[in-house]
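Just below is one structure, and these are the notes that go with it.
The values are calculated or read from the model by the stated rules, or taken from the named source; none is laboratory data. Everything numeric in this text was worked out from a predicted model, so none of it was measured. Using ideal geometry, Cβ is built from the backbone for each residue, glycine included, and neighbour counts are taken over all protein chains shown.
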Amino acid sequence: MGVVLQEIRAIENYMVLPDEEVAARIEAARLELGSRVVILGHHYQRDDVIRHADLTGDSYQLSVMASQTEAEYIVFCGVHFMAESADILGKDSQHVILPDLGAGCSMADMATIDQVEDAWEQLREIGVLESKVAPITYMNSSAAIKAFCGRNEGVVCTSSNAIPLFDIYLKEFDKMFFFPDQHLGRNTGAKFGIPLDKMALWNPQEELGGNTEEQLHEAKLILWRGHCSVHGRFKPWHVDKVRSEIPGVQVLVHPECMREVVEISDLDGSTSFIIKTVENAPAGSKWAIGTEVNLVNRLQQRFPDKVVRLLAPDLCMCATMYRIAPQKLAWAVENLLDGNVVNEIVVENETKHFAGIALERMISMTENQKN
Ligand code: SF4
């Protein structure tokens, strides 16, 4: 007897469902699918979605963890570039699903592959590529840009391993072209003592990125003009204000925050670093944290014996990640029950191959540094 194909369930029917019903249906579908599905929840995801996640973490950790499972279906409650990374790192037999295709990342969208290739060509025309230039991209970028780095001796980095990778590349190359987050690039470059006048900012809307030929020849680091709209909301005056309001508070921020904030903070580091720092801090310690609000709120709930608050008083939420509503997760997993893979994210083979090279380089270089 042939397989009976079921019609794809309509998303509209889910958007009107009450939250409790949706939560119960997601759990019922998870139970029925068992180990065939793994649901990933990024640290910045909303509570009503994270409660259904099998695994939580940052984008790279989640992609690696999912690839190590035998699940046929990886439902990524994150944003588009994360689902692409899960597809690159996952097994051929695994299907990656993003419950809302509109869940993009404003930072990743600030650098398109056409703009990056055009910028590289301009550097070639003025002779900058006659010196050794490495393209390095943050994990928060499209698969096509990761592949560009893979093809051109470059690498992918995360906010956890940017420092060891800069260390290697600064020794082996004359300069680096860093995409798409200017702040992570600048903050990491500053840790190696690169002066700001040796960091050129590349504006993709302008010829030579808005620089002179001389500036680009002189630069040690060329920074793409991208930023995270969430971390960009933290300003130096927030640091001053929280210090005046909470004596003894320590300011802990993500390196996607602007340089002016990072340099007056007490500590800066990746999402994992932020979590570990608060976990290991003594009871009674006070923390003002400059990162996404859902993560900060969960830290606050986990550690009632410590003062944990958001650095800025206004809502610093990743609006695109918020698009993954539980109703959309329910729609994705119930379609899987019918054998329908909806919103599948597939990176085409050549891009996958070269992006995989850039990611493998990252893994082996950081492993070598540890040994
Ligand atoms: S928090 Fe910023 S960098 Fe992270 S997914 Fe949202 S917009 Fe992108």
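Please enumerate the residues belonging to the range 231-260 that are within 20 Å of V307 (Cβ to Cβ) and among the aliphatic types (A, V, I, L, M).
Across the range 231-260, the qualifying residues are V239, V242, I246, V249, V251, L252, V253.
Right, E245: more than 16 Å from the ligand (Cβ to nearest atom), of a type outside the set (A, V, I, L, M), out of contact with any helix residue (DSSP H, G or I) (no Cβ under 7 Å at 6 or more places or on another chain) and farther than 17 Å from G269 by Cα or not? Outline the logic, then answer.
Working: more than 16 Å from the ligand (Cβ to nearest atom): yes; of a type outside the set (A, V, I, L, M): yes; out of contact with any helix residue (DSSP H, G or I) (no Cβ under 7 Å at 6 or more places or on another chain): yes; farther than 17 Å from G269 by Cα: yes.
The answer is yes for E245.
Tell me yes or no: at least one residue of the range 261-270 is within 16 Å of the ligand (Cβ to nearest atom) and more than 19 Å from the chain's Cα centre (by Cα).
Yes, there is a match, as at least one residue in the range 261-270 is within 16 Å of the ligand (Cβ to nearest atom) and more than 19 Å from the chain's Cα centre (by Cα).
In the range 170-190, how many residues are within 15 Å of the ligand (Cβ to nearest atom) and either in contact with a Leu (Cβ under 6 Å, 6 or more places away or on another chain) or farther than 23 Å from A144 by Cβ (or both)?
At the first step, the residues of the range 170-190 found to be within 15 Å of the ligand (Cβ to nearest atom) are 178-185, 187.
If we keep only those that are either in contact with a Leu (Cβ under 6 Å, 6 or more places away or on another chain) or farther than 23 Å from A144 by Cβ (or both) too, we end up with 178, 182, 185, 187.
Looking only at that region, the number is 4.
For the structure I just gave you, tell me whether D109 is of a type in the set (D, E, K, R) and within 16 Å of L223 (Cα to Cα).
Numbers: of a type in the set (D, E, K, R): yes; within 16 Å of L223 (Cα to Cα): yes.
Taking the combined requirement at face value, the residue satisfies it.
Restricting to helices (runs of 4 or more DSSP H) lying wholly in the range 255-371: which have 2 or more residues that are touching a helix residue (DSSP H, G or I) at 6+ places or on another chain (Cβ under 6 Å) and among the polar types (S, T, N, Q)? Let's see the steps before the verdict.
Values: elements: 259-262, 271-280, 293-302, 326-337, 349-370.
It comes to 349-370.
If the Cβ limit is 6 Å and pairs must be 6+ apart or interchain, which residue in the range 210-231 that is under 30 Å from L315 (Cα atoms) pairs with which residue that is among the hydroxyl-bearing types (S, T, Y) and within 16 Å of the ligand (Cβ to nearest atom)?
These pairs meet every condition: S229/S106.
From N294, N335, which residue is touching a Lys or Arg at 6+ places or on another chain (Cβ under 9 Å) and within 16 Å of the ligand (Cβ to nearest atom)? Outline the logic, then answer.
Numbers: N335 fails: within 16 Å of the ligand (Cβ to nearest atom).
The match here is N294.
Being over 24 Å from H183 (Cβ atoms), away from the ligand (no atom under 14 Å from the Cβ) and free of Cβ contacts under 8 Å to residues at least 60 places away in the same chain, is that true of even one residue in the range 305-321? Walk me through how you get there before you give the answer.
Initially, the range 305-321 is screened for residues over 24 Å from H183 (Cβ atoms), giving 305-307.
Those still in the list that are away from the ligand (no atom under 14 Å from the Cβ) too: 305-307.
Then drop every residue that is not free of Cβ contacts under 8 Å to residues at least 60 places away in the same chain, which leaves 305-306.
There is at least one residue in the range 305-321 that is over 24 Å from H183 (Cβ atoms), away from the ligand (no atom under 14 Å from the Cβ) and free of Cβ contacts under 8 Å to residues at least 60 places away in the same chain.
Can you tell me how many residues within the range 151-161 are touching a residue at least 24 places away in the same chain (Cβ under 8 Å) and surrounded by fewer than 24 Cβ atoms within 10 Å (Cβ to Cβ)?
Total satisfying the criteria: 5.
Would you call L252 under 26 Å from P313 (Cβ atoms), without any contact (Cβ under 8 Å) to a residue 40 or more places away in the chain and touching a Phe, Trp or Tyr at 6+ places or on another chain (Cβ under 6 Å)?
Numbers: under 26 Å from P313 (Cβ atoms): yes; without any contact (Cβ under 8 Å) to a residue 40 or more places away in the chain: yes; touching a Phe, Trp or Tyr at 6+ places or on another chain (Cβ under 6 Å): yes.
For L252, the condition - under 26 Å from P313 (Cβ atoms), without any contact (Cβ under 8 Å) to a residue 40 or more places away in the chain and touching a Phe, Trp or Tyr at 6+ places or on another chain (Cβ under 6 Å) - is met.
Would you pick out the residues in the range 106-125 that are within 16 Å of the ligand (Cβ to nearest atom) and aliphatic (A, V, I, L, M)?
Filtering the range 106-125 for residues within 16 Å of the ligand (Cβ to nearest atom) gives 106-112.
Across the range 106-125, the qualifying residues are M107, A108, M110, A111.
Residue by residue through the range 234-248, note down the ones that are surrounded by fewer than 18 Cβ atoms within 10 Å (Cβ to Cβ) and in a helix (DSSP H, G or I). Talk me through it step by step, then tell me what you get.
Step one: filter the range 234-248 for residues surrounded by fewer than 18 Cβ atoms within 10 Å (Cβ to Cβ), giving 235-237, 240-241, 243-248.
P236, W237, D240, K241, R243, S244, E245 - these are the residues of the range 234-248 that are surrounded by fewer than 18 Cβ atoms within 10 Å (Cβ to Cβ) and in a helix (DSSP H, G or I).
Does V346 satisfy the condition of being away from the ligand (no atom under 16 Å from the Cβ), more than 22 Å from I264 (Cβ to Cβ), β-branched (V, I, T) and in contact (Cβ under 8 Å) with a residue 24 or more places away in the chain?
On the way: away from the ligand (no atom under 16 Å from the Cβ): yes; more than 22 Å from I264 (Cβ to Cβ): yes; β-branched (V, I, T): yes; in contact (Cβ under 8 Å) with a residue 24 or more places away in the chain: yes.
Yes; evaluated as a whole, the condition is true for this residue.
Test A355 against the criterion of being on the phi < 0 side of the Ramachandran plot and either more than 18 Å from the chain's Cα centre (by Cα) or surrounded by fewer than 20 Cβ atoms within 10 Å (Cβ to Cβ) (or both), and give yes or no. Break it down stepwise before answering.
Details: on the phi < 0 side of the Ramachandran plot: yes; either more than 18 Å from the chain's Cα centre (by Cα) or surrounded by fewer than 20 Cβ atoms within 10 Å (Cβ to Cβ) (or both): no.
No: the conditions fail for A355.
Being within 13 Å of the ligand (Cβ to nearest atom) and more than 17 Å from T320 (Cα to Cα) is the filter here; which residues of the range 69-105 pass it?
The one that is within 13 Å of the ligand (Cβ to nearest atom) and more than 17 Å from T320 (Cα to Cα): S85.
Quick check: is even one residue across the range 128-135 part of a helix (DSSP H, G or I), in contact (Cβ under 8 Å) with a residue 24 or more places away in the chain and either surrounded by fewer than 24 Cβ atoms within 10 Å (Cβ to Cβ) or under 18 Å from the mean Cα position of the chain (by Cα) (or both)? First the steps, then the outcome.
Residues of the range 128-135 that are part of a helix (DSSP H, G or I), as a first pass: 128-130.
This time we only want the ones that are in contact (Cβ under 8 Å) with a residue 24 or more places away in the chain, so: 128.
Cutting the leftovers down to either surrounded by fewer than 24 Cβ atoms within 10 Å (Cβ to Cβ) or under 18 Å from the mean Cα position of the chain (by Cα) (or both) gives us 128.
Yes, the range 128-135 contains at least one residue that is part of a helix (DSSP H, G or I), in contact (Cβ under 8 Å) with a residue 24 or more places away in the chain and either surrounded by fewer than 24 Cβ atoms within 10 Å (Cβ to Cβ) or under 18 Å from the mean Cα position of the chain (by Cα) (or both).
From the list D92, D100, pick out the single residue that is surrounded by 19 or more Cβ atoms within 10 Å (Cβ to Cβ), of a type in the set (D, E) and modelled with pLDDT of 95 or more. Working first, answer last.
On the way: D92 fails: surrounded by 19 or more Cβ atoms within 10 Å (Cβ to Cβ).
None of the others qualify; the one that does is D100.
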